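The values are calculated or read from the model by the stated rules, or taken from the named source; none is laboratory data. Computed from a prediction, not measured in an experiment: that's the story for all the values here. Here the Cβ positions follow ideal geometry from the backbone for every residue, glycine too, while neighbour counts run over all protein chains shown. Accessible surface is based on the protein model in full, side chains and every heavy atom, while ligands, DNA and RNA are left aside. Shrake-Rupley method; radii C 1.70, N 1.55, O 1.52, S 1.80 Å.
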Amino acid sequence: MFFLHNLEHTVTLHPSYFGRNMHELVTAKLVKDMEGVCMGDYFIIAIMDTFDVSEGRILPGNGLAEFTVGYRAVVWRPFKGEVVDCVVVSVNPHGFFCQAGPLRLFVSTSMMPEEIHYDANASPPQFTNNADMVIEPNTHIRVKLINMRTEVGEMWAIGTINGDFLGCLQA
Amino acid sequence: MNRTVNFGSRLRYPITIVKILKSPGTPIKKQEVLLTYSFEWTRTVGDHINDKTWEETTTTVVNWESPIDGDLKKWFIKEGDVIKGDCPCMTVKEECPHDVQFSGLCARCGKDMTEVNWAADTRDADRAPISMVHDQTSLTVSKTQAVRTEETLQRRLLQSRKLSLVVDLDQTIIHACIDPTVGEWQRDPTNPNYESVKNVKTFQLEDGPRGVARGCWYYIKMRPGLEEFLQRISTMYELHVYTMGTRAYAQNVARIVDPNRKLFGNRVISRDENGNMYAKSLQRLFPVSTDMVLIIDDRADVWPNNRTNLIKVSPYEFFKGIGDINSSFLPKRQDLLTDAPGPAAANGKSAKEAKEAIPESPAVTQLQLEEQERTLEKQIKERPLQILQEKLDKEEEEAEKASTVSEDGEDTPSSQPHHRHQVLSDDDSELEFLEQHLTQIHKAYYEEYDRRRSRKLELDIDAKPDVGDVMDDVKSKALEGCRIVLSGIIPMGIDVLSSEIGLQLKSFGAQIRTSVSRDVTHLVVSTLRPRTSKVRQAAEIPSIKIVSQEWLSECFCKWKKADEKPYLFDVHPDDRPGGKDSAGTVAATGDTETEMDEGEETDARLTNGKPRRKIRLQNPRLRIVNPQGVSHKLEEDDEDSDDEDDGEIDDDLDDEFSPYEPEDGELSPTERLKGFDWGDVDDELEAFMEESTDEDDEAKTDDDSRRTAGKKRKYATDDEGETGSESDRVDEEGNVLSSKRVRRARQPLGGSSLKNQYAPEGNDDNSSLPTPQVTGEEDGYEDMDEAELEADFMAEFEAAEVEEDEEDQPKVQDPQPTTDLGATTVAATQSAGQQESSLAATAAAGKGSENVSGGEG
């Protein structure tokens, strides 16, 4: 699910950038640092604006200026049971991998409807029910999240296409 | 999915079951209390300060919690049981076997597998340890799942009558380089190489190397006939790519080789997913059974565990001198059969910079990544191809200048492109043969399969033969009956039988011999070192075909005995047998006198067929057959190998050797023997033979060939120990073994070292051919504990009543630098024991008299 979230981040600026357009530089650096980052539970999708840039504080020792920036960002937090649209990345006999934006999902054979089976003779190999459903790389697919796991800067998820309205999206 | 659960090893056995809290049929959760048990233990109680303590036995009742989730099916225990050790206690039906996991999540139920639970002995993440997917390492499966998947695969292959074929990229089906010269040539139709590089494909890598090589173009040349080869092969084989390049590289190459992704599909594995920087393993892709998998690769050493499935192809080198751009991680290759100056040069910089395999660690990996970057940078900066072309142009120019004087001003490369020769040529036919072999194996495999399965038309997975065995059958017929000796091909110190070429020869059904004998059929000679003793020996036996190593590579390539004619080796005229005496040397005769003659003849053969003595009188150094050129090389080779010697003189001599050549100004050792009374020595020897008849550990089974070779060896080398040779001759018929003993006893004097063959004076023209025994003598003396040895020998000499003035002689003769080989020889002497010593004495006695006579002469 997407949220508009108020966040805070500390930006440091090299002394050579000290000058009139410092605030712009701080914002630019913030965007560069934080956009697209996985923050544990959620991804920062886009930074809308900054609402509070603190006064710079010179760090003793190296002369960098430190700004505490309050900003508003669109974040995406995947939830268990959430339905997401993704693109299939690769297919193997155990299941297929797909990508929902920054999140990598795996859908195993046990998470697919009964009639879908692995066809290794096709090139490239695919999952198919011999009818309308063909899952191969670059197929668009709707998946329900089963569970997620996060580590620093990374998130993985297990999904299923077993359910109503899940599976291949008709282009 | 029923699972049997144990109590676990951490309990304080013996335990008594007090109460079972859950009955079969109820669902249980992890860490839920299932039963209570009690155990007895002792503790020390009382007043510790005043030291009034006593032991007290306590019974404690503890809860036992379930390590897994599921439905409790059955208890194996009942209340009141006493359990002595870890044993199964219940069966639980699990909802999910957690047999497919993705990054710590169970792909079946979505549970987090990384959670650590104190109730369970093992982590759930360990239940799926096998990674078998090509493009992922984060997806792991359990053993049962792996078996299931692989069986499905094999059924499918059997159904479509196919096999799996794992294909290497670099130097097997393509050759890659990043030398920008190729791009320039491609854009310049006037360039002589234009035709060759026209079809070279290019790509750039986004995540390629950093630094100078960043954003460089990769130039990919496909092996001639590759497209058709793959098309045809893919009807019989399911193709996989397995490369040591990065994933991006592999995919780009796969796109070039297979634009429609029909051949390889997504079956591409690179070093990113391999999990090992130094070796490839079929088990990474086929963890259960490799019965239906073949490999084609230009390197056998990267497949340490799958040699039976490997078809080694000759490396494809289109861009000369570049080598394999992805080989920085691999150990240096040693198996080249080319004529290039050596493996290092043939493989270019990458080989030179390649590291020996060392245990993997992040730091080392980082180092090697940098190493590879440097290699790539170097290629871009130095442009080896351009240099090659320029060199070739220059040669052309010079040749032209020499022939046509008038065109002097015009021979700039651009004005006369048609005169220029090209560096790159596209003349490789390996794939043709490879296709034949693959077809052959495929056919043989399915013939065998059809034969094995009982009911026709029905799929029978148990009837599938092992493709490795099938290939062995096909291959082993190729060189059947060939008994091959290699000369100058395997670096010394490497066991011939376990070397790459040796293993290959064996797989083709050939027998490898270490020395030349009558029943040998082929002698394979390196064209770089054409003058070895083996060549000389083999030249005497007309049945031996002396061929260059190209013959071998053709045999390996074609999988059949190639016609020797084009490869017959032109033996150096000096090495050819000298007419009449060629046959006599092989036959062993008992008569001392004949033997003596024979020895002389052997020596004479080495001196260009002229009588030896005469030459000796005039100039002992005439024995150098070719002091500057080839023999020098030989010498270096011998030196290298010397480090491997362990003092065992016989082993040492089985390899190459060369005749002794005295130092500048030094008299030939045999010179002193001229006035020598051989009768005396014979008498002495006979006496000695009588007193020592029992055999020691030297009593090995010695075949005829060995004996002959050994004898020849001696004749060629044992100048210093003429007496020793004499003894050999005497008992050639009666007792070879004791003669060996004599030799071995002499070992401390004439050790096995070849090291100091370089004259310390540094005379270039004095490039002596190394002689193991003679030089070893000097060597040994310098190195070993002289006093000790002297004492040893003094005792023996006194017993033998011979003056021991020769002790000093070697030192005077040759103040050589020391080597570490003396130590081993000393050890050998000491362990040889009393009997050996007495033998040594006899040998030394011979020497002593030799010296005397030398003095007289």
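Backbone geometry of region B:289-303 corresponds, through the Karplus equation with coefficients 6.51, -1.76 and 1.60 at θ = phi - 60°, to 3J(HN,Hα) couplings of 9, 10, 5, 10, 10, 10, 10, 10, 8, 8, 10, 8, 6, 7, 10 Hz, x marking Gly and Pro. Around the amide H of B:Lys73, modelled in the peptide plane, lie the amide H atoms of B:Gly25, B:Thr91, B:Val92, B:Lys93, all under 5 Å away and 5 or more residues distant in sequence or on another chain.
A cut-off of 5 Å between modelled amide H atoms, ignoring neighbours fewer than 5 places along the same chain, links B:Val268 with B:Val241.
With the simple spin-label model, which puts each label point 7 Å out from Cα in the Cβ direction, the A:Ser16 to B:His48 separation comes to 6.4 nm.
Starting from the Cα coordinates of region A:32-114, work out the convex hull volume and express it per residue in Å³. Mind dumping the intermediate values first?
Details: hull volume 12.4 nm³, N = 83.
Per-residue hull volume (Cα only) is 149 Å³.
Mean sequence separation of contacting Cα pairs (under 8 Å, at least six apart), scaled by the length of chain A, corresponds to a relative contact order of 21 percent.
Of all trypsin sites (Lys or Arg not before Pro) in region B:136-234, which ones are in loop regions per DSSP and have a Cβ with at most 11 other Cβ atoms within 10 Å? Spell out each step's value before the answer.
Values: sites: B:Lys143, B:Arg148, B:Arg155, B:Arg156, B:Arg161, B:Lys162, B:Arg187, B:Lys198, B:Lys201, B:Arg210, B:Arg214, B:Lys221, B:Arg232; in loops: B:Arg161, B:Lys162, B:Lys198, B:Arg210, B:Arg214.
Listed in order of number, the matching sites are B:Lys198.
The spacing between region B:54-105 and region B:449-515, judged by their C-alpha centroids, is 51 Å.
Phi angles of region A:41-56 translate, via the Karplus equation with coefficients 6.51, -1.76, 1.60 and θ = phi - 60°, into HN-Hα couplings of 7, 9, 9, 7, 7, 8, 9, 6, 7, 9, 10, 8, 10, 6, 5, x Hz per residue; Gly and Pro are given as x. Translational diffusion coefficient of region B:271-331 at 10 °C, 1.306 mPa s, Stokes-Einstein with Kirkwood Rh over Cα pairs, in µm²/s as a whole number. Stokes-Einstein gives a translational diffusion coefficient of 124 µm²/s. Between A:Ser90 and A:Phe97, the built amide H atoms are under 5 Å apart, and every one of these is 5 or more places off in sequence or on another chain. Residue by residue along B:95-108, Cβ atoms of other protein chains within 10 Å of the local Cβ number 5 on average.
Between B:Glu195 and B:Lys381, the contour length at 0.36 nm per residue exceeds the alpha carbon distance by 64.5 nm.
From Cα pairs below 8 angstrom and at least 6 apart in sequence, can you work out the relative contact order of region B:457-526, rounded to a whole percent? Please list the in-between numbers first.
Working: 84 pairs, mean separation 29.1, N = 70.
Result for region B:457-526 is 42 percent.
Computed from label points 7 Å out along Cα-Cβ, the spacing between B:Arg12 and A:Val134 is 6.7 nm. Across the cross-link table entries B:Lys312/B:Lys475; B:Lys143/B:Lys280; B:Lys29/B:Lys74, which are compared at the Cα atoms, the separations over 18 Å belong to B:Lys143/B:Lys280. Note on exposure: B:Ile490, B:Ile311 ranked by accessible area (1.4 Å probe, complete protein assembly) read B:Ile490, B:Ile311, with the most exposed listed first. Couplings 3J(HN,Hα) for region B:312-318, derived from phi with the Karplus relation 6.51 cos²θ - 1.76 cosθ + 1.60 (θ = phi - 60°), are 8, 9, 6, x, 8, 10, 8 Hz, where x marks Gly and Pro.
For chain A, taking a cut-off of 4.7 Å between Cβ atoms, the unpaired cysteines are A:Cys38, A:Cys168. Rounded to the nearest 10 degrees, what's the angle between the helix A:22-34 long axis and the longest principal axis of chain A, both from Cα atoms, 0 to 90? Roughly 30 degrees between the two axes.
Across region B:31-150, C-alpha contacts under 8 Å between residues 6 or more apart give a mean separation that, scaled by the residue count, equals a relative contact order of 18 percent.
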